[in-house]
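Each value in this text was obtained by applying a stated rule to the coordinates, not by laboratory testing. The model shown is predicted, which means the values in this text are computed figures rather than measured ones. FYI the Cβ positions are ideal-geometry reconstructions off the backbone, even for glycines, and counts take in every protein chain you see.
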Amino acid sequence: MARKNKPEIERLNTAVSGALKNFKPPEDLTVAEWADRSRRLSPENSAEAGPWRTSRTPYLKAPMEAFSDPHIHKIVMVAASQVGKSELELNIIGYIIDQDPGSILFVQPTLEDARKFSRLRIAPMIRDSKPLKAKVADVKTRDSGNTILQKSFPGGMLTIAGSNSASALASTPARYILGDERDRWALSAGTEGDPWSLAEARQATFYNAKAIEVSTPTIKGSSNIETSFYQGTQERWCHQCPECGDWHSIVFDQVKYDHQVVKVKSKKTFYVTITGWACPSCGCLSTERVMRKQPTKWIADNPEAYINGVRSFWLNAFSSPWMPWSKIARKFLEAQRDPERLKVVFNTLLGELWEDRGDLEDEDSMLSRREEYPAELPDGVLVLTCGVDTQDNRLEYEVIGHGQYGETWGIKKGYIMGKPDTPEVWERLDDVIDRVYKFKNGRGLKLSITCVDSGGHYTQEVYKACRNRQSKRVFAIKGKGGDGVPFVRPPSKIPIKDNKKITCWLYTLGVDAGKSSIMSALKVQEAGAKFCHFPRGEDRGYDINYFNGLLSEKLVLKKSKTGNSWAWEKLPGHTRNEALDCRNYALAGLKIIDPDMDAVERRIKGVPETPKQKPVQQPRKRRQRDSDDW
C-alpha cells in the first residue's frame, strides 16, 4: 500500500522506528543476536543445517527484536508456510531458556500436535545448541525434569500443552505464553471456555509477561489470528520499487506470469514463467530477481498500537528465500478449479484469508437467469450424467450436461413417485437412463453414468437395482461429510443382504467438497468455464422449488470442544436439499468416468480422428548365393 497520502502514519512509523533504535534491552543480547550466536538449525528439520543466520530471513528480525523490547507485551505473527514462523518461536524459547529464564507455556492446537512438536522441533534444537544442551537435562536422566511435555531449566520450566487440555492451561502461573497455529485451536478447553483467555489468566502476577500468537490465516471473519492482528501495529513486509521508490507489500494480484498447459490423457500440467511484479504506484514491471535484492522493511498501518504494547506482523510466501514465485503461481493454477485446494493455497502460500462468500443470489435471481435452449441439448454439451436421491416415497433425479472447462447445463429435474422397493419405480428410472437426448441437428446422447444415493431406509434395494443395471453404468453411492474428504474415492464391493457372493460397486463421495464446487460455480456470472446454465420450461423442472433446494445450505463454523470445524447446514426457510444432492451426485459421476472431453467433442462434431500412420514396410531383399537365390 503506497504511503504518499498518509503523512500522519509516516510520522508515527518514524516515531516507532526511532523508539526501537533507542531502547536498550535489559539483557545483554536481543533474540536475534542470541540466535545468530547460539542457535543451530538441526539437519532433520532444515535444508540449511548449521548456524542460524538472521540475514537469511531478514523479515524475522523485527518480530524477534520486539520480544526484547520491554515496552512490548504481545507479538502477533500471521504467516504463510515456508517463511520460518516456527523458527521464530523456537528462537524465542531458546532465548528465554538461556538469557531471560521464566516459566513458559507453549500451546499447540492438540495434545498430539504438542507431543509431535516437542519431539521433532524442540528436542533437536536443545540437542544441537550448546547453551541449551547445558541447561536442559538429558531426557534419559532419572528425575531430570525433562519429559516430552515438560522441560526444566535453571530459573523456569517449559510446559507444552494442547489447546483442548484445560488442566494444562489453568494450573500453574506462566510468565511467557506462546500460541502456535492459533486458528486451529479448540473453541473450548474442555468445559473451561476459551483456551487463550485461560492461558492469559496465568500471566496475571507477572509485570513483565509476554505473549506470542502465531498462525497461518484461515477463514475471513472467523479467524482468531486476524482479530489479534488488527489489535496491533498491522505491519506488512514491504519492498521498494526500483523505478518510483514507493514501498509495497508484494501480493499475488500484482505478480504477472505466463503459463502453458500440457494435457496428457486429460490430465493437465502447468508450466509457469514469471514476468515480474507490477508496482501499484507507477505500473513498472520488475523481475523477481530484482525485487529480491531491493530494500525491504516493515511498514505499519496502525503504528499507534505500539503505545499499547502490541506489535503485529503479516507475511506471505513471496518473501520466502525458499519459495520461487513460479511455484506459488503453479500451485494456484493447479487448485483454481477445486475450492478446497484453493483455500489451502490462499492460506498457506498467498498468506491471505479465505473468504466464505455466502453471497449467492436468491431464488428469484436464479430464476431470472434461466435460458431458452434451442433444443433438448444445447450446443456445448458433451457428456450427460444423472444424480438420483432416494427418499422413502420417491426418487428425485437431475440430468446434467457437461461441457469443456466445467461448464454445465441443467437438462431435466424430475421425480419418480413410489417406494424404492417396488420394481415400477426402477423401471421408470430406466426410461430416464435409456433415453436418447437430442441436439438441434437430430444427433443425440445417452447418459454416461448414473449415481444413486444408497442412504436411507432402502439401502439393499438400491444395491440390488444398481447391480442389475451395472451394464448401463448405474452405481450406488454413499455420501460422507467432513473437511478434507476427497470428492470421489475408488469404489468398493459391497455384499447384498449379507451374501458375499452377490455384490455391487459402491462409491463413497466427499459431499462437502462437492457442495463447495457447486456454490463456487453458481457465483460465475458469464457463460464459459464453470458457468451453470438452467433452462426455462415447466417440463424441465427448474422452478422456484428447485432453486430453493439448490441454495438450501451454507458453510458455517461448527463449535466443538475438540476444535473448530466447518460444515454445511440448512439455511432457515429451506426445508429440502434434494436438488443440491442430486447435482452433487451428477457432478461426481463425471469425476468417476473422467472422460477425454476433447475426444468426445471431436466425435460429436464429426471431426475425423487423425489416423496413425503405419510404418512403411520395405520389400524383403533376396539374399544371393554364388549358386542360386533363396
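Under 5 Å from the amide H of Asn45 lies no amide H of any residue 5 or more positions distant or on a separate chain, with H modelled from the backbone and absent for Pro and chain starts. Each residue of region 415-430 was assigned a 3J(HN,Hα) from its phi angle through the Karplus expression (A = 6.51, B = -1.76, C = 1.60, θ = phi - 60°), giving 10, 10, 7, x, 6, x, 9, 10, x, 4, 4, 6, 5, 6, 5, 4 Hz with x at Gly and Pro. The alpha-carbon positions of region 363-605 define a convex hull whose volume is 143 Å³ per residue. When +1 charges are put on Lys and Arg Cβ atoms and -1 charges on Asp and Glu Cβ atoms, the dipole computed for region 125-257 relative to its Cα centre reaches about 740 debye. In this structure the amide hydrogen of Ile477, modeled in the peptide plane, comes within under 5 Å of the amide hydrogens of Val452, Asp453, Ser454, Tyr507, none closer than 5 places in sequence on its chain. Under 5 Å from the amide H of Ser312 lie the amide H atoms of Val76, Thr233, Gln234, Glu235, each residue being 5 or more positions distant or on a separate chain, with H modelled from the backbone and absent for Pro and chain starts.
Look at Cys466, Cys504, Cys451 and count the other Cβ atoms within 10 Å of each Cβ; fewest to most, that gives Cys504, Cys466, Cys451. Working from label points 7 Å from Cα in the Cα-to-Cβ sense, the Ile502 to Phe206 distance is 6.9 nm. Exposure proxy ranking for Trp566, Trp409, based on other Cβ atoms within 10 angstrom of each Cβ and starting from the fewest, stands as Trp566, Trp409. How much FRET efficiency would the formula 1/(1 + (r/R0)^6) give for Ser222 and Ala599, where r is the Cβ-Cβ distance and R0 is 45 Å, rounded to 0.05? Between Ser222 and Ala599 the formula returns 0.55.
Considering only Ala588, Ile126, Asn91, and ranking their Cα positions along the charge dipole of the chain that arises from unit charges at the beta-carbon of Lys, Arg, Asp and Glu, the one farthest toward the positive end is Ile126. Projecting label points 7 angstrom from Cα along Cα→Cβ for His259 and Arg292 puts them 2.1 nm apart.
With a Förster radius of 25 Å applied to the beta-carbon distance between Asp362 and Lys438, the computed FRET efficiency rounds to 0.15. Ordering Lys438, Lys265 from the fewest to the most neighbouring beta carbons within 10 Å gives Lys265, Lys438.
Eigen-decomposition of the gyration tensor built on the alpha-carbon atoms of region 480-527 gives equivalent ellipsoid semi-axes of 33, 11, 7 angstrom, largest listed first. Its residues counted as N, the chain yields a C-alpha radius of gyration over 2.2 N^0.38 Å of 1.21.
Take every pair of alpha-carbon atoms less than 8 Å apart whose residues are at least six positions apart; their mean separation over the length of the chain yields a relative contact order of 12 percent.
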